[in-house]
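The values are calculated or read from the model by the stated rules, or taken from the named source; none is laboratory data. Quantities reported herein were computed from a predicted structural model and do not represent experimental measurements. With ideal geometry, Cβ positions are generated from the backbone for all residues, glycine too; neighbour counts draw on all protein chains shown.
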Amino acid sequence: MYKSKLFQTVFLSSLFILITAACQQSTAKSWLVSSQVEYKEALGKLSAGDEIVLSNGTWNNFEILFKGEGTEKSPITLKAQTNGKVFLTGQSNLRLAGKYLVVSGLIFKDGYTPSSAVIEYRQNKKNLAYHSRVTEVVIEDYSNPDKAEGDYWVSMYGKHNRFDHSYLAGKRNKGVTMAIRLNSEESQENYHQIDHNYFGPRPILGSNGGETLRIGTSHYSLSNSFTKVENNYFDRCNGEVEIISVKSGQNQLINNTFFESRGTLTLRHGNGNIIKDNVFFGNGVDHTGGIRVINKDQIIRNNYMEGLTGYRFGSGFTVMNGVPNSSINRYHQVENALIENNSMINVDHIQLAAGSDAERSAAPLNSKIQNNLVFNESAKQPFTLFDDVSGIAFNKNLTNSKPLDEIAQGFQVKKLTLERAENGLL
């Protein structure tokens, strides 16, 4: 009898949950809006599971505030009536604030943002976005005509947000294309996800502030972000020497592709980041770079770098010197770096203890470079040592060129033949 009553209780509880969920789905509302006035009216009526649909056409000078409280199973959605047919032009932008919001299918072009960002995951400093997603959007050539006027195209705040399957290309004015902001406790340890995006050509800016992606800033760089950047394509992102500038800790950058981009993935500030399974194709283009290592506890594993010509801080691979007792905005010493299982093929310059001078006098410590392949068709060795590298242990690396005497004990020299595999890698 006891088991029978228990079964009835569990069954009725489950049935109640299913009925409640079905009722929520059946009561969800959809508003197809054709004007900014209609949009604002619909916004004030939103509940979990509802959606606003922007009708096809051009929406000029539309500053969108998308605000609501959805749930994990019933998010609130703002979407295009037809992907590719809703255009935000002139002085338009988008702000998200609340929980479990989804935006999809919008195109920003023929104008520029009237604020600090085209897409911003907050309404203001107090009202941020959480567990929210922007997907399948386009921002193309949406740049302030005054090159010196700075803005972001995407600015992420809050926690547990996602930006994915989108197209960003042609930023010409000052300011990071996409920035992860950590300037308050509410935006730190955020676990954001940036995946499956196309970051298209960005021309040379000619000054600092032309990064394609920045995670944090130096002021908050000892805080952790836990941001994951994976499966993105960076195509000729030439804004400045840092294509990606990591300025926080505990991030993962995995399986991204960099094509003919001038600059490097730079671990500029912050500790404990993982850089793995990324591919860099330079194709011999001037100033194409790979990875630059600074700070503590960085893991650089199983990355593929080919045809990179960059030099100095934009080299194919760089391990920097640091500043003793560095201030937070300078160069912290490389310590406990693990650099393993990477392929560096036809990379012109691999620079160790780079930047060594009277200020940057702290050479790398307690680090390992092991099980890497270093191959140049010309058999020219690519290494330059700018300071003492005894703090780096070299072990079981393979090369086809005679290494420098200071690091020779960590390399096996062999005559090698490489073939192009089906995945396009040698």
Any residue in the stretch 310-328 that's more than 28 Å from Met344 (Cα to Cα): show its pairings with residues that are modelled with pLDDT under 95 and of a type in the set (Gly, Ala, Ser) at Cβ separation under 8 Å, as long as the two are six or more apart or on different chains. Ile328/Ser218; Ile328/Ser221
Check off (1) within 28 Å of the chain's Cα centre (by Cα); (2) farther than 29 Å from Gly270 by Cβ; (3) modelled with pLDDT under 95 for Asn329 and give me the number that stays unchecked. (2)
Candidate set: the stretch 174-195, residues that are part of a helix (DSSP H, G or I) and touching a Lys or Arg at 6+ places or on another chain (Cβ under 9 Å); chosen: the one farthest from Glu240 (Cα to Cα): Glu186
From the options Leu101, Leu94, residue that is modelled with pLDDT of 95 or more, under 13 Å from Tyr121 (Cβ atoms) and in contact with a Gly (Cβ under 8 Å, 6 or more places away or on another chain): Leu101
Exclusive hit being closer than 19 Å to Gly290 by Cβ, among the polar types (S, T, N, Q), touching a residue at least 24 places away in the same chain (Cβ under 8 Å) and surrounded by 18 or more Cβ atoms within 10 Å (Cβ to Cβ), set Asn376, Asn397, Asn341, Asn371: Asn397
Among residues belonging to the stretch 353-368 that are in a loop (DSSP other than H, G, I, E, B) and out of contact with any Gly (no Cβ under 9 Å at 6 or more places or on another chain), point out the one that is nearest to Gly290 (Cα to Cα). Ser356
Return the only residue of Gly249, Gly263 being small (Gly, Ala, Ser), over 11 Å from the mean Cα position of the chain (by Cα) and on the phi > 0 side of the Ramachandran plot. Gly263
Six or more apart or on different chains, Cβ under 6 Å: which pairs go from a residue in the stretch 166-195 that's on the phi > 0 side of the Ramachandran plot to one that's of a type in the set (Ser, Thr, Tyr) and part of a strand (DSSP E or B)? Could you list them? Gly175/Tyr152
Options Val389, Val347; residue that is touching a Phe, Trp or Tyr at 6+ places or on another chain (Cβ under 7 Å), more than 29 Å from Ser223 (Cβ to Cβ) and assigned to a loop (DSSP other than H, G, I, E, B): Val347
If we keep only residues of the stretch 254-284 that are in contact with a helix residue (DSSP H, G or I) (Cβ under 7 Å, 6 or more places away or on another chain) and under 19 Å from Leu338 (Cβ atoms), then the residue surrounded by the most Cβ atoms within 10 Å (Cβ to Cβ) is Thr264
Residues located in the stretch 8-45, provided they are in a strand (DSSP E or B) and either among the polar types (S, T, N, Q) or modelled with pLDDT under 50 (or both): Ser30
Taking the stretch 162-180, which residues are touching a strand residue (DSSP E or B) at 6+ places or on another chain (Cβ under 6 Å) and of a type outside the set (A, V, I, L, M)? Arg162, Phe163, Asp164, His165, Tyr167, Gly170, Lys171, Gly175, Thr177
Name the single residue that is nearest to Phe281 (Cα to Cα) among those in the stretch 303-344 being part of a loop (DSSP other than H, G, I, E, B) and among the small types (Gly, Ala, Ser). Gly307
Matching entry among Asn283, Asn232, Asn256, Asn273 (being over 13 Å from the mean Cα position of the chain (by Cα) and modelled with pLDDT of 95 or more): Asn283
If we keep just the residues of the stretch 96-149 that are assigned to a strand (DSSP E or B) and of a type in the set (D, E, K, R), which is farthest from Ile194 (Cα to Cα)? Asp110
